[in-house]
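Structure record follows, encoded as structure tokens.
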Amino acid sequence: MDFVQNFPFFSIILSMFSGIISSVLPKRAAKWVNTVMIILVGIFSFILLFYMIGRGNSYTYMMGHFPAPWGNEIRVGVLEAGMALFFCIIMILSLFGGRKKLDEELEESKHSLYYILADLMLSSLLALVYTNDLFTAYVFVEINTIAACGLIMIRRNGRTIEAAVRYMIMSLLGSGMLLMGICMLYDLTGHLLMSNIHEQVSALAVSGEYHVPLLVTIALMSVGLAIKSALFPFHAWLPDAYGYSTVSSAAILSSLVSKGYIFLLIKIIYRVIGIDVFDGSRIIDMLFAFGLMGMIFGSLSAIKENDVRRMIAYSSVAQIGYIYMGIGMGTQAGMEASVFHILTHAATKSLLFIAAIGLTDVSGGSRKFIDLTGAAYRNRWAGVAFAVGSLSMVGVPLFSGFISKLLFAQAAVQNHVKMLPALIVLGISTVLNAIYFMKTVIRIYTPVEGTGSGEGVTFKNMKIYVVTLVCFIILNVFLGVSSQPVVNLIGQGLAMFS
Amino acid sequence: MGANLIANYGEAVAMVLFVIGFMNLLLQKNLIKKIIGLNIMDSAVYLFLAEKGYINGRTVPIVVNGIQDVETYINPIPSGLVLTGIVVSVSVSALMLSLTIRLYKRYQTLDLDEISIRLRKEGL
């Protein structure tokens, strides 16, 4: 066995233990432990990704000394390693971009707690990405929920506590359904490891036995994870949670937490239920339909919104709808488009949140559109970054959003039944996206009388912030320009799933 | 159908409890009642697992008197899952209760809708 194969285990343990150690460290040390840990995990994942590309097939890693049907396992393929790397990049950029704001908004005693929560968040995300055991996945889903709740409520005001309560209630409903689904699946098959369950489920599907219980199980797990990742009718908690928490939390929550659940769902579809059985059930059409509704209603709510951060939050609802639409198409191409959109949305939405905070800061802290007029002249870097993010979300070529829309459209053409609704809604949603994002961009670039350019906001006093924004823009353009290798990798990773 | 239901009455009860808990968590306005609903829902899952994991006539998997026959004992994994699940649900309930205390101290009410209305009035 190569030494590199230990890296997933190291990454999970490293992030978890840095969380534990940080609880006794002072603020500065906790910050450094967090930064170093994320960079280390990122390097591990990067090496692992190249190792996996060279290796060409996936491997399982035994946790403890019990072999397959009894013990716990980690499973690694190209997609898992790539996702881990991507999560690390987004996480560190989000933390850097919001660091100044973090120092202002949090009480002094809460800082090290914030980094503990970020460490735990990363470790649970990595575990969700790598695990091959359903019950382990459930436990880490709960850890993820608790860490996310902490990240929301750490900035103390009435809104965040209310948002955290609403988030917890929806999350708990989702994880209750997920747990019930896992228990029923365990009853039907007698296994908890994904590969063993998959064999049994295929056998059940062939023999036609337990058809209804199997369907109920699939429904429970899909709906549970859909609730947790804020698919359209279950998104009520989202605008408050993203809109009022501190900016790093909003970026992490929107770009990583919901993506972790969606990635788990994709894993369950491929590795537990099997794509054929999942295609054969009606659940896939339900995901497709709710995805389409989310794309439209999320955008409509965003247009009505008068608060820039809540608008970005509502736009997340629409983008999550895109991802579920891709999953709901039930083709390989649709799934590839969904995974690519996970990357696109994560890179763009965190950029938008962090750019928006720069704009509101120079507008007297107000988030109303009327006060944002001309904000891009007062903070040029944030203005450019916000424009890039908006163009990417709308789907202008050169940026990543264009590629994911292209992939969705290509995938839709392959599915004759779902082609028409998918293409129509894709078109409508793009227009709606353009309305609210372009409205904002025009607003921030409308000059107002009496404001000098860039007063007080220079490159010097916000170096880290500007570097973060530039990194985000590069990431976006990279995904948009050299998309083919990324898409190939995603295809290779999905092929390794089965 | 009816015979199956009677034979598996434990699972049926667990399902009914799950739905009761779920609906309470979803629809109650009072936060404490919501948390009670959450606990009913989680307990229902554990009841389901325990009921499924038990086989009539077998005992707990602790080797006594040197009997190592597989037929004597039940599978310990469902019980282990129940224990893990209980730990998770205890910590989640604790978190929910602490959040409830914070909200109550701030707004002197446990009604989530009323809190939302007040927040909107504050215009925060």
Practice item. Report, by residue number, each residue of the range A:74-105 that is open to solvent by 10 Å² or more (accessible area, probe 1.4 Å), touching a residue at least 12 places away in the same chain (Cβ under 8 Å) and over 23 Å from A:Lys259 (Cα atoms). Key: A:Lys100, A:Lys101, A:Glu105
Revision key, fill the gap. Going through (1) open to solvent by 10 Å² or more (accessible area, probe 1.4 Å); (2) more than 27 Å from A:Trp381 (Cβ to Cβ); (3) under 11 Å from the mean Cα position of the chain (by Cα) one by one, A:Leu343 fails only at (2)
Check your understanding: Taking the condition without any contact (Cβ under 8 Å) to a residue 24 or more places away in the chain, facing chain B (nearest Cβ under 7 Å) and under 30 Å from A:Val277 (Cβ atoms), does A:Cys149 pass?
Key -> no
Review point. In the range B:51-66, which residue that is outside any loop (DSSP other than H, G, I, E, B) and surrounded by fewer than 18 Cβ atoms within 10 Å (Cβ to Cβ) is nearest to the other protein chains (Cβ to nearest Cβ)?
Key: B:Glu51
Review point. Got a number for residues in the range A:152-207 being facing another protein chain (nearest Cβ under 7 Å), without any contact (Cβ under 8 Å) to a residue 12 or more places away in the chain and β-branched (Val, Ile, Thr)?
Key: 2
Point to revise | Number of the exception - A:His65 against (1) open to solvent by 10 Å² or more (accessible area, probe 1.4 Å); (2) of a type outside the set (A, V, I, L, M, F, W, C); (3) under 26 Å from A:Leu225 (Cα atoms) | key: (3)
Check your understanding: For residues in the range A:214-243 being at pLDDT below 90 and within 14 Å of chain B (Cβ to nearest Cβ), which is farthest from A:Arg282 (Cα to Cα)?
Key -> A:Gly243
Study note, to complete from the structure: Taking first residues from the range A:422-445 that are in contact (Cβ under 8 Å) with a residue 60 or more places away in the chain and second residues anywhere that are among the charged types (D, E, K, R) and open to solvent by less than 40 Å² (accessible area, probe 1.4 Å), the pairs with Cβ under 8 Å that are 6 or more apart or on different chains are A:Leu426/A:Lys405; A:Tyr436/A:Glu305
**Study point:** Residue list for the range A:56-95, filter: at pLDDT 90 or above and over 16 Å from A:Phe44 (Cα atoms)
**Key:** A:Leu93, A:Ser94, A:Leu95
Check your understanding: Hey, among the residues in the range B:70-83 that are farther than 19 Å from A:Thr136 by Cβ and outside any helix (DSSP H, G or I), which one's farthest from the other protein chains (Cβ to nearest Cβ)?
Key -> B:Tyr73
Exercise for review: Considering only the range A:392-413, state which residues are surrounded by 21 or more Cβ atoms within 10 Å (Cβ to Cβ) and either out of contact with any Leu (no Cβ under 9 Å at 6 or more places or on another chain) or without any contact (Cβ under 8 Å) to a residue 24 or more places away in the chain (or both).
Suggested key: A:Val394, A:Leu407, A:Ala411
Point to revise | Residue within the range A:260-270 that is of a type outside the set (D, E, K, R), more than 21 Å from A:Met496 (Cα to Cα) and out of contact with any Ser or Thr (no Cβ under 6 Å at 6 or more places or on another chain) present | key: no
Revision key, fill the gap. Listed by range, helices (runs of 4 or more DSSP H) wholly within the range A:365-437 having at least 1 residues that are in contact with a helix residue (DSSP H, G or I) (Cβ under 6 Å, 6 or more places away or on another chain) and closer than 21 Å to A:Lys101 by Cα are A:375-378, A:380-394
Check your understanding: A:Ile13 versus (1) under 15 Å from A:Leu128 (Cα atoms); (2) open to solvent by 20 Å² or more (accessible area, probe 1.4 Å); (3) aliphatic (A, V, I, L, M); (4) touching a helix residue (DSSP H, G or I) at 6+ places or on another chain (Cβ under 6 Å): which is the lone unmet condition?
Key -> (4)
Check your understanding: Can you find even one residue in the range A:251-262 that is among the basic types (Lys, Arg), over 17 Å from A:Tyr314 (Cβ atoms) and in contact with a strand residue (DSSP E or B) (Cβ under 9 Å, 6 or more places away or on another chain)?
Key -> no
**Study point:** the range A:488-498, residues that are crowded, with 20+ Cβ neighbours inside 10 Å and under 14 Å from A:Ser404 (Cα atoms)
**Key:** A:Ile490
**Study point:** Residue list for the range A:221-239, restricted to those being hydroxyl-bearing (Ser, Thr, Tyr) and under 21 Å from A:Ile312 (Cβ atoms)
**Key:** A:Ser229
Practice item. Run down B:Phe48, B:Phe22, B:Phe18 and say which single residue is within 11 Å of chain A (Cβ to nearest Cβ) and without any contact (Cβ under 8 Å) to a residue 24 or more places away in the chain. Key: B:Phe22
Revision key, fill the gap. Scanning the range A:310-336 for residues that are open to solvent by 10 Å² or more (accessible area, probe 1.4 Å) and closer than 30 Å to A:Ile152 by Cβ, the one modelled with the highest pLDDT turns out to be A:Tyr314
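Residue-wise test of (1) under 17 Å from the mean Cα position of the chain (by Cα); (2) part of a loop (DSSP other than H, G, I, E, B); (3) surrounded by 12 or more Cβ atoms within 10 Å (Cβ to Cβ); (4) within 10 Å of chain A (Cβ to nearest Cβ).
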| position | (1), (2), (3), (4) |
| --- | --- |
| B:Gly37 | yes, no, yes, yes |
| B:Gln68 | no, yes, no, no |
| B:Gly85 | yes, no, yes, yes |
| B:Val88 | yes, no, yes, yes |
| B:Leu99 | no, no, yes, yes |
| B:Arg102 | no, no, yes, yes |
| B:Thr109 | no, yes, yes, no |
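Would you call A:Val448 modelled with pLDDT under 85 and either in a helix (DSSP H, G or I) or open to solvent by 30 Å² or more (accessible area, probe 1.4 Å) (or both)?
yes
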Exercise for review: Sort out which residues of the range A:14-70 are part of a strand (DSSP E or B) and of a type in the set (Val, Ile, Thr), and write them in order of number.
Suggested key: A:Thr60
Check your understanding: Only one residue in A:Phe290, A:Phe263 is open to solvent by 30 Å² or more (accessible area, probe 1.4 Å), at pLDDT 90 or above and either touching a helix residue (DSSP H, G or I) at 6+ places or on another chain (Cβ under 9 Å) or among the hydroxyl-bearing types (Ser, Thr, Tyr) (or both). Which one?
Key -> A:Phe290
Check your understanding: Looking at (1) within 12 Å of another protein chain (Cβ to nearest Cβ); (2) open to solvent by 10 Å² or more (accessible area, probe 1.4 Å); (3) over 22 Å from the mean Cα position of the chain (by Cα), which is the one condition that is false for A:His211?
Key -> (1)
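The values are calculated or read from the model by the stated rules, or taken from the named source; none is laboratory data. Note that the structure is predicted; figures quoted are calculated from it, not measured. Using ideal geometry, Cβ is built from the backbone for each residue, glycine included, and neighbour counts are taken over all protein chains shown. These accessible areas exclude ligands, DNA and RNA; they are computed on the full protein's heavy atoms, side chains included. Shrake-Rupley method; radii C 1.70, N 1.55, O 1.52, S 1.80 Å.
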